[in-house]
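See structure below.
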2 protein chains.
Amino acid sequence: MSDTRTQILDAAEKFIRRGGYNDCSFREIATAVGIKSASVHHHFPTKQDLAAAVALRYTENFLVILGQPLSAGATVKDEIARYCALFRSAFVAGGRACLCGILSNEAALLPELVKSEVAAFAQANVTWLGKLFADEEVETARRKARFIYSSMQGAIGASALNQDVRWLDDAAECIFRGVL
Amino acid sequence: MSDTRTQILDAAEKFIRRGGYNDCSFREIATAVGIKSASVHHHFPTKQDLAAAVALRYTENFLVILGQPLSAGATVKDEIARYCALFRSAFVAGGRACLCGILSNEAALLPELVKSEVAAFAQANVTWLGKLFADEEVETARRKARFIYSSMQGAIGASALNQDVRWLDDAAECIFRGVL
DNA sequence: GTCTATAATTTGATAGAC
DNA sequence: GTCTATCAAATTATAGAC
């Protein structure tokens, strides 16, 4: 992978996380990288190719950090804490929400190729979380997995909006201690 | 308020909830209402005027339904259930996420006027929820309020993405029963 | 791989007639 | 209050030289 290609992906991710799919333009990416927009098209022919590549790389990095659930004899609580901490570090790195959470919110206008990459991220997250509750009833496990994932997306979005990591910390705390 | 003005607000809300601020154009609104884009500008001079009016109307309707917390001697559980049900009905009406949740995710590219209306919606929600926990320690109450609000935003976003109300139902269930 | 140049489209916004 | 006509700017994308 050429260095230019990586720089393009970096810039594209930055702009999508700033304002979504439509806030990421070939010209602005080109300026950020120090080339012209026609050169960006050389690496990624269309915008959906570019956005899909950004989402794929984001998902892969995310899953590598997560690893296999409960692999090292960790407890369920340990793993949930680690999961919440991953969203936390995704936020504090640049003060932005989750790439795939942002793209999810504009699914109706995304090209099919991009939408399927975003759906794959959500699916992978829920599958990973579901394995933590493997000893519970299957539908209960799925419910908890869906809840933890969507809660984290809501919390990282609120943290980004208010530029305040407390929203993520509050969510982790309430998931552990309960609300009622 | 003229009927045309209401129709414009209806169309604008529909398009913003479909794909965000940039997916809402004067020309498409005009076509939906049956007039020309220049006539839309007569009612709302700039796009930020229009989007701010949409967000204000959305917030007012939302708060009217919520009413005063615990006013009729309802329990905390009753009120939380009612709060969750309001997000549920906001979804099932059109299969879309919350208007202000969607706009929140692109805060970086919103005009100041729109951003402040969106912030007002979040503030009003958290304030309303906070009153439910008035007998708890103040910081605990705020934490729970922030969590319930951001959880609902995450859940309605996931329900809209997957066109499946289960994500909202799962969130309500887990808020009541806890995860761990 | 990068460039210049440009095509085709869409956008928010305005002027002025009726 | 609505219209026609138009502008200036931005967008994705392509052709072809170097």
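The values are calculated or read from the model by the stated rules, or taken from the named source; none is laboratory data. Quick caveat: nothing in here was measured; it's all calculated off a predicted structure. For neighbour counting, all protein chains shown are included, and Cβ atoms are generated from backbone atoms with ideal geometry for every residue, glycine included.
Of all residues in the range A:1-21, which are free of Cβ contacts under 8 Å to residues at least 40 places away in the same chain and assigned to a helix (DSSP H, G or I)? The answer is A:D3, A:T4, A:R5, A:T6, A:Q7, A:D10, A:A11, A:F15, A:G19. Working only within the range B:61-76, note down all residues that are loosely packed, with under 12 Cβ neighbours inside 10 Å and either in contact (Cβ under 8 Å) with a residue 24 or more places away in the chain or under 26 Å from B:L109 (Cα atoms) (or both). Across the range B:61-76, the qualifying residue is only B:N61.
Taking A:E139 as the residue in question, decide whether it is surrounded by fewer than 24 Cβ atoms within 10 Å (Cβ to Cβ), more than 7 Å from chain B (Cβ to nearest Cβ) and among the charged types (D, E, K, R). Before the answer, list the steps.
Working: surrounded by fewer than 24 Cβ atoms within 10 Å (Cβ to Cβ): yes; more than 7 Å from chain B (Cβ to nearest Cβ): yes; among the charged types (D, E, K, R): yes.
When the stated conditions are applied, A:E139 passes them.
A:A97 satisfies every condition listed in (1) within 14 Å of DNA strand D (Cβ to nearest atom); (2) buried (at least 21 other Cβ atoms within 10 Å of the Cβ) except (1).
Filtered by the rule that a residue be under 15 Å from the mean Cα position of the chain (by Cα), in a helix (DSSP H, G or I), touching a residue at least 24 places away in the same chain (Cβ under 8 Å) and farther than 13 Å from B:L50 by Cα, the range B:102-115 gives B:I102, B:L103, B:S104.
Tell me, which residue of the range B:32-49 that is part of a loop (DSSP other than H, G, I, E, B) and surrounded by 15 or more Cβ atoms within 10 Å (Cβ to Cβ) is farthest from DNA strand C (Cβ to nearest atom)? That would be B:I35.
Being of a type outside the set (A, V, I, L, M) and within 22 Å of A:V114 (Cα to Cα) is the filter here, so list the residues in the range A:47-88 that pass it.
As a first pass, look at the range A:47-88 and keep what is of a type outside the set (A, V, I, L, M): A:47-49, A:57-62, A:67-69, A:71, A:73, A:75, A:77-79, A:82-84, A:87-88.
Once the filter is applied, which keeps residues that are of a type outside the set (A, V, I, L, M) and within 22 Å of A:V114 (Cα to Cα), the range A:47-88 yields A:K47, A:Q48, A:D49, A:R57, A:Y58, A:T59, A:E60, A:N61, A:F62, A:F87.
Consider A:E79 carefully, then state whether it is touching a Pro at 6+ places or on another chain (Cβ under 8 Å) and either in a helix (DSSP H, G or I) or away from DNA strand C (no atom under 16 Å from the Cβ) (or both). In short, yes. Can you give me the number of residues within the range A:22-31 that are closer than 19 Å to A:L99 by Cβ and in a helix (DSSP H, G or I)? The total comes to 5.
For the range B:143-160, residues that are more than 8 Å from every other protein chain (Cβ to nearest Cβ) and either more than 13 Å from B:C98 (Cβ to Cβ) or hydroxyl-bearing (S, T, Y) (or both) total 2. When only residues in the range A:22-44 that are modelled with pLDDT of 95 or more and within 14 Å of chain B (Cβ to nearest Cβ) count, which is farthest from the chain's Cα centre (by Cα)? If we take residues in the range A:22-44 being modelled with pLDDT of 95 or more and within 14 Å of chain B (Cβ to nearest Cβ), then A:E28 is farthest from the chain's Cα centre (by Cα).
Please determine whether any residue of the range A:121-143 is under 15 Å from the mean Cα position of the chain (by Cα) and among the charged types (D, E, K, R). Within the range A:121-143, none of the residues are under 15 Å from the mean Cα position of the chain (by Cα) and among the charged types (D, E, K, R).
If we keep just the residues of the range A:162-180 that are part of a helix (DSSP H, G or I) and free of Cβ contacts under 8 Å to residues at least 12 places away in the same chain, which is surrounded by the fewest Cβ atoms within 10 Å (Cβ to Cβ)?
Taking the range A:162-180 as the starting set, the residues that turn out to be part of a helix (DSSP H, G or I) are A:162, A:166-177.
If we keep only those that are free of Cβ contacts under 8 Å to residues at least 12 places away in the same chain too, we end up with A:162, A:166, A:173-174, A:177.
Working: A:N162: 16, A:R166: 15, A:E173: 16, A:C174: 23, A:R177: 13.
Result: A:R177.
Among the criteria (1) crowded, with 19+ Cβ neighbours inside 10 Å; (2) more than 14 Å from every other protein chain (Cβ to nearest Cβ); (3) away from DNA strand C (no atom under 15 Å from the Cβ), the one B:S104 does not fulfil is (2).
Within the range B:167-174, can one find any residue that is more than 7 Å from every other protein chain (Cβ to nearest Cβ) and over 21 Å from B:A124 (Cα atoms)? There is at least one residue in the range B:167-174 that is more than 7 Å from every other protein chain (Cβ to nearest Cβ) and over 21 Å from B:A124 (Cα atoms). When A:I148 is evaluated against the numbered criteria (1) touching a Phe, Trp or Tyr at 6+ places or on another chain (Cβ under 6 Å); (2) under 13 Å from B:A158 (Cα atoms), which criterion, by number, is the only one it fails? Exception for A:I148: condition (1).
Quickly run through the range B:50-76 and pick out the residues that are more than 16 Å from DNA strand C (Cβ to nearest atom), within 14 Å of chain A (Cβ to nearest Cβ) and of a type in the set (A, V, I, L, M).
Listed by number, the list holds a single entry, B:V76.
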